[in-house]
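Heads up: the structure comes next, in structure tokens.
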Amino acid sequence: MNDPRALTARVIARLYQDRGSLQRLLPWAEKQVDEKDRSLLRELCYGTARFAPRLELMLNKLLRKPVKDEELEALMLVGLYQLEYTRIPDHAAIAATVEAARAIKLGHATGVVNGVLRNALRNKEVLTRKLSGNPQFSSAHPEWLQQAVKGAWGTDARTIFTANNENPPMTLRVNQSQISRDDYLQQLQDAGINAEPCVFSTAGLMLESPVAVSRLPGFEDGLVSVQDQSAQLAAPLLDPQPGERVLDACAAPGGKTCHLLELQPDLDLSALDIEEDRLDRVIENLERLGMGAQIICADAAEPEHWWDGEPFDRILLDAPCSATGVIRRNPDIKLLRRPEDIQELVELQGKILRAMWRLLKPGGTLLYATCSILPEENSAQVARFVAETPDARDNTPQLLHGEPWGLPQEVGMQLLPGLHAGDGFYYAKLEKAQES
């Protein structure tokens, strides 16, 4: 199959079936289309996932009865996305989507596809007016998530929704062990790539427009990496010192691992992750930057199976989370995440946090981080841990480089998409008391 719309429908259907993520499914789909169609495929996959909660409501209004075939339903969502959000001429979008139905062996349903899309085109204003009062429609977030974000962040929720529905910027982390940010910025300008320094990260540069990494000067030589500004704060917050024994728990894909070594090349650093294939990414990133670390494939929640008994000076715990802070980069989270997932994640985070604390030296530092914006995974989680752990103390700074950088919480600091120039992240810097 080489029809990009048909493949998009297959990808979206698999997301609804919880049979993968865009990160895993897109490479599979891209291999099946001509190179000239890959950018369209990515646009349709990301865009349909991003606005699926809104498109679902529209489709339900347009259908006389529910559709039983999930790929057919997904294809109509792809068609609606084109009509609503792309510059593809309406007649071309409809014709191509109808043809895609044949490509996925749904030729018997071409009349339904054609009728639904033409009806959407004719009744666009009426449809929008009928749905405008629906919070899921206005936010383009599933109802449970819309309510959770609004409950946590009140009037800021609208800004968060807007940011989540936009294409994210491309942000770079300059390897300052090799080149200064100002010198690399000049190299970008010489290459015709416009960028500006990040607000919070002293290593960060935000590009005016995304480019292929092959266009970035010195990328293959390790001068620069792609990493959001909020994620770039982990390494300087942990603040490793020369020669220290450091653990990067839940390390994949390795951006923070590499940043730690850029700050202190002589660390005794271990990178731990439970997924072997994701650790391959850590290894690739380390090799590109000419760096090394001990790679451990194991469960952070069960250190008795892999820990050598020697405590760590510092631990970075980038805990498994809902990823609700990075929806603009991973819009399929809107389809993949379920409300019942949050409590399961909270329990797992707590288990790993308690396990990691046992591995930390007295006087050591643990940085708890998530890319979530839900308080139960963040400030509530860590506040409960600190209350239950006599030797734990919150030492999260409210100023970075002398400037405010996030929203102070009961424990830790929260960054929100749309409000803080980066993805949504939470950080809590905890110190372990010295033994008396």
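The values are calculated or read from the model by the stated rules, or taken from the named source; none is laboratory data. Being a predicted model, the structure only gives us computed values, none of them experimental. Methodologically, a virtual Cβ is constructed for each residue, glycine included, from the backbone with ideal geometry; neighbour enumeration extends over all protein chains shown. Areas reflect the complete protein model, heavy atoms only, side chains present, ligands, DNA and RNA absent. Shrake-Rupley method; radii C 1.70, N 1.55, O 1.52, S 1.80 Å.
Could you work out how far helix 4-16 tilts from the main Cα principal axis of the chain, as a 0 to 90 degree angle to the nearest 10? Approximately 60 degrees, to the nearest 10. When restricted to Cα atoms, the range 80-153 yields an Rg and a Dmax of 15.8, 47 Å, respectively.
Here the range 130-190 is treated as an ellipsoid with the same Cα gyration tensor; its semi-axes, largest first and in whole Å, are 40, 13, 8.
The list (i) 23.2, 78; (ii) 23.2, 84; (iii) 24.2, 85 gives values of Rg and Dmax of the Cα atoms in Å, and only one came from this structure; which label was calculated from it? So the structure-derived entry is (i).
Placing unit charges on C-beta atoms (Lys and Arg positive, Asp and Glu negative, everything else neutral), compute the dipole magnitude of the chain about its Cα centre in debye, rounded to 20. Write down the numbers at each step before the final one.
On the way: 47 positive and 62 negative charges, 506 e Å.
Roughly 2440 debye, rounded to the nearest 20.
For the range 290-436, the equivalent ellipsoid built from the Cα gyration tensor has semi-axes of 25, 20, 16 Å, listed from largest to smallest. The equivalent ellipsoid that matches the C-alpha gyration tensor of the range 317-362 spans semi-axes of 26, 13, 5 angstrom, in descending order. The reciprocal of the average 1/r between distinct C-alpha atoms defines the Kirkwood hydrodynamic radius, which for the range 37-176 equals 16.4 Å. Positive end of the dipole of the chain, charges at C-beta (+1 Lys, Arg; -1 Asp, Glu), about the Cα centre: which of Leu267, Thr324, Thr8 has its Cα farthest in that direction? Comparing the listed Cα positions along the dipole, Thr8 ranks first.
Placing +1 at every Lys and Arg Cβ and -1 at every Asp and Glu Cβ, with all other atoms neutral, what dipole size does the range 52-102 have around its Cα centre, in debye to the nearest 20? If you can, show how the numbers build up before the last one.
On the way: 7 positive and 8 negative charges, 41 e Å.
I would put it at about 200 debye.
Ligands, DNA and RNA excluded, the heavy atoms of Leu263 present near 70 Å² of accessible surface to a 1.4 Å solvent probe. Solvent exposure of the chain amounts to 45 Å² per residue of accessible area, where only protein heavy atoms count and the probe is 1.4 Å. For the chain, the share of accessible area belonging to carbon and sulfur comes to 46 percent (1.4 Å probe, ligands and nucleic acids excluded).
Across the options Ala163, Ile104, Ala249, the greatest Cα extent toward the positive end of the charge dipole of the chain (unit charges at beta carbon of Lys, Arg, Asp, Glu) belongs to Ile104. By how many degrees, 0 to 90 and rounded to 10, does the Cα axis of helix 339-358 deviate from the longest principal axis of the chain? Helix 339-358 and the main axis of the chain meet at about 20 degrees.
Computed from Cα positions, the angle between helix 276-289 and the longest principal axis of the chain comes to roughly 70 degrees.
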